[in-house]
Amino acid sequence: TQTILFASRPKGEPTAAQFTFKTIDVPLPQQGQVLLKALYVSVDPYMRGRMNEGKSYVPPFEVGQPMEGGMVAEVVESQHPKLPVGSVVVGSLPWQEYSLSDGRGLQPIPADQAPLSYYLGLLGMPGITAYFGLLDICQPKAGETVVVSGAAGAVGIVVGQIAKIKGCRVIGIAGSDQKLAYLKELGFDETINYKTTPDIAQALAAAAPNGVDCYFDNVGGTISDAVYNLLNKHARIALCGQISNYNATEAPVGPRPEGKLLVTSSRLQGFIVSDYLPRWPEAMQQLSEWYQQGHLKYQETVTEGFDQLPAAFLGLFHGENTGKAVVKVAEP
Ligand code: NDP
């Protein structure tokens, strides 16, 4: 079977040089094990952090070892009492077409509720991130103005739609006019293309005449600088991601937001979705309900083929995805 190894740590933006393909043998499962066939593999921005050395909330990838991450896989051979052949699971697995597992950390998923790949997006880690970051940290109230950066991505499209469910005015910031058109379809009130708008601060001020009450930050950098300027009294900011800085080789410098946070009595809180692990079922239940009821829509950018995994990952840093970026490896 094919595997993709983490070949070397990047300096700045990662490239194809960070990955090597290798063919390996996967033995048949022993007692308590399953053989898994990869169906859908997730590529996520947080993986860039794992490519760096040093401590973070997940250990770094090891050079020479397989890449790993979120995956939907099918059990094709089983010596495991709870995971029969034909069951489909989601979990963190090595980037391999086939892999052995003892089942730990794998969640069985139903085949009839939603597309299987949605368990990597809307009904998985990114959707749950949107749910807790918005509802627990931003706590939006009807009539308030919510700004989302990275709005057209896996997390952002869920944040904006939940904010609409809660009766807010929602402004999305993203990197192409096609993405903005999609956000409008989803019900976003205002959208800003940060790549083509000459003065983001001015565009935001026009889109948010009543100021900003909640900011769900996926990107950081100059986009956030513009949002901080418009914070209302008692604004809440969920610091979810900082993708504009992930490839920086030096610590970025910019306007300091602290003064604005102070005078508006705002609350800025970072969070990691795994902080909420015990409450994941609650989020999945509610997201699934909203999806079944038609209140939440979802989109994916699906790349076909195991060999396209590195390219799909690298594409995240060029805005190639709308909604969740996933790689389809095989049919169930
Ligand atoms: P996305 O699906 O949003 O993919 C990344 C997107 O980021 C790209 O499509 C691109 O869209 C945008 N982007 C890339 N480079 C830049 C840049 N330099 N400046 C501004 N935007 C950029 O990813 P996710 O939805 O999975 O993740 C969104 C954010 O949330 C990430 O920062 C991620 O690390 C974070 N995250 C945090 C979690 C947590 O537990 N705290 C959990 C999950 C995600 P565009 O065309 O708009 O530029």
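The values are calculated or read from the model by the stated rules, or taken from the named source; none is laboratory data. It should be emphasised that the depicted structure is a prediction, and the values quoted were computed from it without experimental measurement. We place every Cβ from the backbone using ideal geometry, glycine too, and count neighbours over all the protein chains shown.
Those residues that are surrounded by fewer than 24 Cβ atoms within 10 Å (Cβ to Cβ) and within 8 Å of the ligand (Cβ to nearest atom), I need them from segment 134-176; list them, please.
G175, S176
Anything in segment 1-58 that is of a type in the set (A, V, I, L, M) and within 19 Å of the chain's Cα centre (by Cα)? List them, or say none.
L39, V41, V43, M47, M51, V58
State whether the residues of segment 257-267 include one that is within 16 Å of the ligand (Cβ to nearest atom), at pLDDT 95 or above, of a type outside the set (V, I, T) and in contact with a strand residue (DSSP E or B) (Cβ under 7 Å, 6 or more places away or on another chain).
Taking every residue of segment 257-267 in turn, none turns out to be within 16 Å of the ligand (Cβ to nearest atom), at pLDDT 95 or above, of a type outside the set (V, I, T) and in contact with a strand residue (DSSP E or B) (Cβ under 7 Å, 6 or more places away or on another chain).
Does I223 meet the test of being of a type in the set (V, I, T) and within 8 Å of the ligand (Cβ to nearest atom)?
yes
Residue-wise test of (1) crowded, with 17+ Cβ neighbours inside 10 Å; (2) more than 9 Å from the ligand (Cβ to nearest atom); (3) closer than 22 Å to G70 by Cβ.
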{"site": "F132", "(1), (2), (3)": "yes, no, yes"}
{"site": "K184", "(1), (2), (3)": "no, yes, no"}
{"site": "D189", "(1), (2), (3)": "yes, yes, no"}
{"site": "K195", "(1), (2), (3)": "no, no, no"}
{"site": "N218", "(1), (2), (3)": "yes, no, yes"}
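When you look at Q65, is it surrounded by fewer than 17 Cβ atoms within 10 Å (Cβ to Cβ) and under 24 Å from the mean Cα position of the chain (by Cα), yes or no?
yes
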